[in-house]
Amino acid sequence: MQLNGLPFPGREREQAMLAQTVADLGRGRSSVVTLIGRPGYGQSRLLNLAARLAEDQGFRVLRAKATPGERDVRYGVVGQLLAPMDGLTDGSMKALTGQGPESRLPGLTELLRTARERPTLLVVDDVEWLDPASLRWFGALIRRLPDALIVLLVSGTGRLRPGACPLSTAPQQVITLECELAPLAPRDVAATVALICGHPGDNAFISAALEASAGNPEVLSEALRRFTKHGYAPVAGRVPELTTITEAVGGEHAVRVLGGLSDTAVALVRALAVCGDLLDLSLLFTLAGPRAASEPGLPEVLQESGLATASGTGLRLSRPEARSWILAEMPGDERAELHARAAELAYRAAVADEDIARLLLAARPVDEPWVIPVLRRTCAAALRAGRTGQAIACLSRALEEPLDPVPRAQLGIELAAIEVLAAPEAAGRRLAEIIRTGDGGPGRIRVRAADLGLSRGDDKALRRAIVDVLPSTDGEERGALAGLFWLTECDGQDDTDLVPDGIPPLPDDPTCPVQAAARAWRLALRGTDLPTARALAHRVFTLDGGAGALILPRLTAARTLLLTDDLDEAEIRLDILHTDLRRRHARAAAAQALAVRGELNLRRGRLDMAERDVAAAERSLPRSLWHRYTVPYLLAVRILIALENGDLGQAGALAAASAPAESREGASWGYLLFARALVAVKDDRLPEAAELFRATGRWQLGRGRSNPALMPWRSMAARVHDALGDHEEARRLADEELALARLWGAANTLGWAQLGAGRVAREGRVERLREAVATLRGTPARLAYAGALLELATAELDTGNPRAAAPLVGDLFTFVIAHRPSSRLVAKVRELSERTGPSAVRGRVPHPAWATLTEPEQRTASLVGLGHGNREIAETLSVSRRTVELRLSGAYRKLGIGGRAELIALLRAAQGGGIDVA
């Protein structure tokens, strides 16, 4: 049944009852009807429907609404009710308006007299807020209802439980009805959706609407109206939009309900919004204020208003999504104060760090010793979970606390290390400011700030900051800052740049580890005095190589050791550095260290590990966040790995990837030019490759980088010129690289230069290549050695000497077994083995049953022959140690041997007296 033809799904029973009540009024029957329910359950709408029905039948309708603001206004609700009624005496009018002497029950006599002649419907909403005088007035009215044609229709929220309404008792001859409104059932929600949206919703949509609105008719109807205004259909695919809209409507509803509560109740709701799920009821009362614990029935009031529900020994908000709406009603300073007090209570209650930190983020400065540690611990946990934004927010909030200059600067450095993941430019500005404002106190704050920023590649602004503060420094701090300046000066400046006044020159034999790194790197770049460069690089780690030491000097010293052929030590130092940087959350520097380790593993021919390192580098710091001066280095290493793996598609895509225009100013642009040139060679774009190699040379030489150990661009360019027919230029470039390699003296660099010269030699090619193989045999640069073996074996075959080529091919075969089968060497070794015949390969097989081993077992067993332990084999092959153990167990069984010692003996014997297996 409907009132006035307006459907109200879920309230059919109540509408029928009200229609019957209005009809009974026409028959001369008075009654008192009470509607009870939570806010938004439809009480006001039902009263309106009943009022319209009474008006349509010609009855008089008088209306009033009680409010908290008028609870202290004498006869406030009675005055609303009787204001439009004719026939009030002057005394009643003055009593109701508070302008005359108090009348006993103003207007009651006039109302009863007129109601005997004209049926009257009195509608009073929210009677729980009746002022005391109005409450007495209505009690008197109810006692006199048998003498009048009056229906009293009142409503209230859940605070009025059935039977507890002060207006629900009447004389026996007066009809008394009470009705408690329930939340909407699923069928009611479905009917409401069909009514408002214009057509039925599907089951998933109905379920989502019921859950989001909690069956509240007011919230549901308003949400659906807004939903349909967007033109959405009630289907499962639109549930996210419905949920978002309903959360907003629910928040607005909560704020309206809040407006009808006492100040103490409002304070408790705000406390719940801040931390109701963290504190028990006693602490919530403490947070809400001194009157909260003493106000009777306060938890019940909140529950019956629909704002809160019981949760264990405490309370929680019924709609957690309404938190922001509830708190938005507070002035900002009060909200910050509430969060601060909540954080202190939560800390005393031993609440989890992350929850305390959430409170602190919205709190005013607390100035307590526990605040910074809590925020730091939460920051670390957020970083481990990949929540960078939360980590940055925690340290930013920590900087709002009162701090001395040194701890403040230390926090700023920690924050800058993390900000590179979200706001790298802000990190650079923060570090530059620390350099300029630091006081040189304990911990070398300015030095550490400069080191962190420069290790990412951000050199221009930080170098200017160093120049600005250097005149005001002395001692170790001055030496370290000057060393950091020189570490970047040789990378980022060309020969025409002038060194600013006040920058002390680098000594020839520095004792400062930063200056030692700078001096070693400059010698390495110029390719002069390898022993001194090596000794200075070692000095960096001897003087300042432990955990927490400066980053850039250690990274630079490790790169120097890469060029001096000290790959074992460089790897150890890079491992230690990377572990330290991960502990310090220096993600940009950690990514740099991983990229350098990728280059190291590439030089060693460990393509699996090289690929894993560059992938880890991009996980540590996504490529889009790398500094424009350093991203070319990452791209170059990735291109070289792809080329060695034979993945020309990936190499071409990486080479074609755009780099920021400013990258050309940085220290790694030459690496990308070199890598792009190699891709052009593979694509048979030789003229373009020649131009790229020339550009690489111009870039390198313009910055004083003449050492071929950095990249053998001359020998590679020589091959291109030789293929293009420019043999004179090819020979000149090859001879120039050979002379520079001899000047530098590193065996790997020299062997590569000899290989380059042999490749373009018109005469004595085989002898030159043999010289290269002999030089490279004892070096850790296994990939270069394999390349030399390949060239020499090819040359021997081309000159008709298969017997000389056979052992070389066998050596290459063993090398391939110990490395990735996807390496580009595999196809070439297979081709050479076909030219030399199967005897070359058979001569390398260590046992007749070797062929029965699977390819993974062969690779694993070959690494045992090289002396590697199970852990290192697992890392090399990117498998678990358990997998290594299973493969070796299978190999031992098939070969009929007892274990590792016998396997090593077999492999050593198969090497023919000294030919390396890898």
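Phi angles across the range 81-96 convert, under the Karplus curve 6.51 cos²θ - 1.76 cosθ + 1.60 with θ = phi - 60°, into 3J(HN,Hα) values of 5, 8, 3, x, 7, 7, x, 6, 6, 4, x, 5, 4, 5, 5, 5 Hz, Gly and Pro given as x.
Multiplying the residue separation of Glu211 and Asp509 by 0.36 nm and removing their Cα-Cα distance gives an extension gain of 99.8 nm. Taking label positions 7 Å along the Cα-Cβ direction at both Lys229 and Ile897, the computed distance is 8.1 nm, reported to one decimal. Computing FRET efficiency as 1/(1 + (r/R0)^6) for Ala661 and Ser624, where r is the C-beta to C-beta distance and R0 is 22 Å, gives about 0.90. Spin-label model, Val73 to Arg408: label points 7 Å out along the Cα-to-beta-carbon direction sit 5.3 nm apart.
A cut-off of 5 Å between modelled amide H atoms, ignoring neighbours fewer than 5 places along the same chain, links Arg444 with no other residue. When the Cα gyration tensor is reduced to axis lengths a ≥ b ≥ c, the ratio a/c is 1.5 or higher for the range 62-148, and with a/b not above b/c it is classed as oblate.
Looking at the range 310-412, the chymotrypsin sites (Phe, Trp or Tyr not before Pro) that sit in a DSSP loop and have at most 15 other Cβ atoms within 10 Å of their own Cβ are Trp370. Beta-bridge orientation, the chain: approximately 20 percent antiparallel, per DSSP, counting only bridges with both partners inside. Spatial offset of the range 397-450 relative to the range 24-100 amounts to 67 Å, using the alpha carbon center of each.
Close amide H partners of Lys65, meaning residues 5 or more places away or on another chain with modelled amide H under 5 Å apart, are Asp125. Placing a pseudo-label 7 Å from each Cα along the Cα-to-Cβ vector at Asp501 and Asp683 gives an inter-label distance of 5.1 nm. A Förster distance of 56 Å, applied to the separation of the beta-carbon atoms of Ala23 and Asp367, puts the FRET efficiency at 0.20.
Given a Förster radius of 45 Å and the C-beta distance between Glu872 and Arg316 as r, what FRET efficiency does 1/(1 + (r/R0)^6) yield to the nearest 0.05? It comes to 0.25. The length gained on full extension between Ala616 and Arg143, counted as 0.36 nm times the residue separation minus their Cα-Cα distance, comes to 161.9 nm.
Across the range 458-465, rounded Karplus estimates of 3J(HN,Hα) from the backbone phi angles (6.51 cos²θ - 1.76 cosθ + 1.60, θ = phi - 60°) give 7, 9, 4, 5, 6, 5, 5, 5 Hz, Gly and Pro being marked x.
Entry for the range 349-497 at q = 0.19, 0.20 Å⁻¹: log10 I(q)/I(0) = -1.08, -1.15, Debye formula applied to identical alpha-carbon scatterers, no solvent contribution. Output the 0 to 90 degree angle, nearest 10, between the alpha-carbon long axis of helix 217-229 and the longest principal axis computed from the alpha carbons of the chain. Compared with the principal axis, the helix lies near 60 degrees. A full extension of the chain between Arg777 and Val255 corresponds to an added length of 180.0 nm, given 0.36 nm per residue minus the alpha carbon distance. With helices as the sole contributors, the chain gives -19500 deg cm²/dmol at 222 nm; each DSSP H run of n ≥ 4 counts as -39500 (n - 2.57), and the sum is divided by every residue. Axis angle, to the nearest 10 degrees, between helix 203-213 and the longest C-alpha principal axis of the chain: 70 degrees. Amide H contacts under 5 Å for Val33: Leu152, Leu153, Val154, Leu177, restricted to partners 5 or more places along the chain or on a different chain, H placed in the peptide plane at 1.01 Å from N. If you sort the three axes of the alpha carbon gyration tensor as a ≥ b ≥ c, you get a/c under 1.5 for the range 186-254, which makes it rounded. Residue-wise HN-Hα couplings along the range 398-408, as the Karplus relation 6.51 cos²θ - 1.76 cosθ + 1.60 with θ = phi - 60° gives them from phi, are 4, 6, 7, 6, x, 9, 5, x, 5, x, 5 Hz; Gly and Pro carry x. According to the square roots a ≥ b ≥ c of the eigenvalues of the Cα gyration tensor, what is the shape class of the range 12-180, taking rounded for a/c under 1.5, prolate for a/b larger than b/c otherwise, and oblate for the remainder? Oblate shape, in that a/c is at least 1.5 and b/c is the bigger or equal ratio. The long axis of helix 855-865 is offset from the longest Cα principal axis of the chain by roughly 60 degrees.
Computed from the coordinates by the stated procedures, all read-outs in this text should not be read as laboratory data. This structure is a prediction, so every number in the text was calculated from the model and none was measured. As a convention, Cβ positions derive from the backbone with ideal geometry for all residues, glycine included, and neighbour counts pool all protein chains shown.
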